[in-house]
1. Hey, for a label at Asn280 modelled as a point 7 Å past Cα toward Cβ, could you say which residues of segment 43-85 have their backbone N under 20 Å away?
2. Using DSSP to call loops (not H, G, I, E or B), can you name the trypsin sites (Lys or Arg not before Pro) in segment 1-87 whose Cβ has at most 13 other Cβ atoms within 10 angstrom?
3. If each residue of separation counts as 0.36 nm, what is the full-extension length gain between Asn94 and Arg67 once their alpha-carbon separation is subtracted?
4. What base-10 log of the normalised intensity I(q)/I(0) is obtained for segment 37-136 from the Debye formula, alpha carbons as equal point scatterers, at q = 0.12, 0.21, 0.24, 0.25 Å⁻¹?
5. At 7 Å along Cα-to-Cβ for each site, give me the label-to-label distance between Glu178 and Phe140 in nm.
6. Which loop GluC sites (Glu not before Pro) in segment 8-110, with loop taken from DSSP, have no more than 10 other Cβ atoms within 10 angstrom of their Cβ?
7. Assuming R0 = 25 Å, what is the FRET efficiency of Lys126 and Asn45, from their Cβ-Cβ distance, to the nearest 0.05?
8. Got a sec? How would Trp90, Trp160 order by Cβ neighbour count within 10 Å, fewest to most?
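What follows draws every value from the coordinates through simple rules; no lab data is involved. This one's a predicted model, so the numbers in the text were calculated from it and none came from an experiment. In this analysis, Cβ positions are derived from the backbone assuming ideal geometry, glycine residues included, and neighbour counts consider all displayed protein chains.
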Amino acid sequence: MPWNIPVKEQVKLQMEITNYCNAACPACGREVVQENKKPYNIKLNSKYVDLQTFKSWLDKDNWINLRRILFCGNYDEPATNPELIAICHWIISNKKLFPRNPEISISTNGGVRNTKFWKELGELSKLSNQIRVNFAIDGFEDTNHLYRKNVDWKKLQQNWRSYIKAGGIAWWQWVMFEHNEHQKHLVEQYAKQEGFRRVKFIGSWRTSIDSVIHTKDAKVETLEESNSITPDCYVNDLNSMGLYIDNNGVVVPCCWQGVQNGLSDVYKKNDGDFTQGILNGKNSIQEILDSLWMENFKKNMEQGIFAKCVQKCKKNIRNTYRYEKLI
């Protein structure tokens with residue numbers, strides 16, 4: 001089998017359903033996208049994955065064990081997709097295709113759409129008990145905008161209140177920076193007052209708002225240095241990872257391979273026809289996993305050929321400062 005885990009055994013699926021975003025976070029991959037970069041070009045703010053396309057990507061496979069669908073891409077703000085609620089409705093109502101009633105986890109900066117939209121999504125969350133929204137809020141009114149640039153605090157506040165008041169399940173996700181760590185002790189009480197169910201703290205190598213640096217234990221080898229290194233890959237751990245699908249329908253083993261540099265690296269070094277790894281509305285994800293393209297992909301990952309695999313998944317490089325707390 002070219003890929004170790006067939007679709008019928010997958011428990012998680014991460015998807016990017018648009019390439020639009022309202023924010024301009026300094027360390028986001030959007031800030032370093034190079035248009036016309038070959039062999040994999042990315043053009044931002046140009047595409048939504050509509051409901052029919054979404055259906056055609058998933059309706060040909062066996063999702064008998066799928067327990068979680070994450071709408072959290074490398075370049076997207078999921079809530080900008082005008083058909084997000086329709087997509088959620090389709091997943092929730094399709095019991096035959098998704099018999100385990102997978103949780104739908106939506107990551108958002110909360111600064112888009114209006115209170116009517118968030119109220120409707122909150123009502124669907126309450127009714128189905130399958131939708132959870134992770135609001136990425138890295139501070140309060142005086143600090144959140146320092147990293148979550150272009151996100152208006154008052155609009156964000158109105159949106160999460162509308163969603164929670166309607167019965168929506170909400171988590172508060174807080175990325176730690178130097179400029180907001182002094183407020184960490186305040187967030188739990190405030191989040192509880194606002195009706196959030198959980199606070200999720202993430203320690204990051206994004207230690208400042210203007211640069212991305214790694215910790216002293218996270219030395220990143222160049223590709224030349226890493227050719228003999230086998231990454232400590234965890235894509236075959238069913239409890240940790242799932243497949244990743246970007247807004248163009250490209251299927252890869254994890255989100256790190258879904259960034260422009262990662263995909264460009266894959267396309268340069270993988271043997272075979274890269275179109276075998278893209279959903280086109282007619283093929284299935286299992287066909288992609290069974291393809292020669294994915295077989296070569298797997299071999300190259302195991303041999304440490306791809307720079308992203310080594311940079312992100314070699315031992316001691318993964319971020320360990322991450323915890324969640326019920327409130």
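1. 49-50, 52-61
2. Sparse-neighbourhood loop trypsin sites (Lys or Arg not before Pro): Lys37, Lys43.
3. Extra length available between Asn94 and Arg67 comes to 8.4 nm.
4. Calculated log10 I(q)/I(0) at the listed q: -0.42, -1.19, -1.45, -1.52.
5. If labels sit at Glu178 and Phe140, their model points lie 2.2 nm apart.
6. Glu35
7. Here the calculated transfer efficiency is 0.20.
8. Values: Trp90 17, Trp160 24.
By the 10 Å Cβ count, ascending, the order reads Trp90, Trp160.
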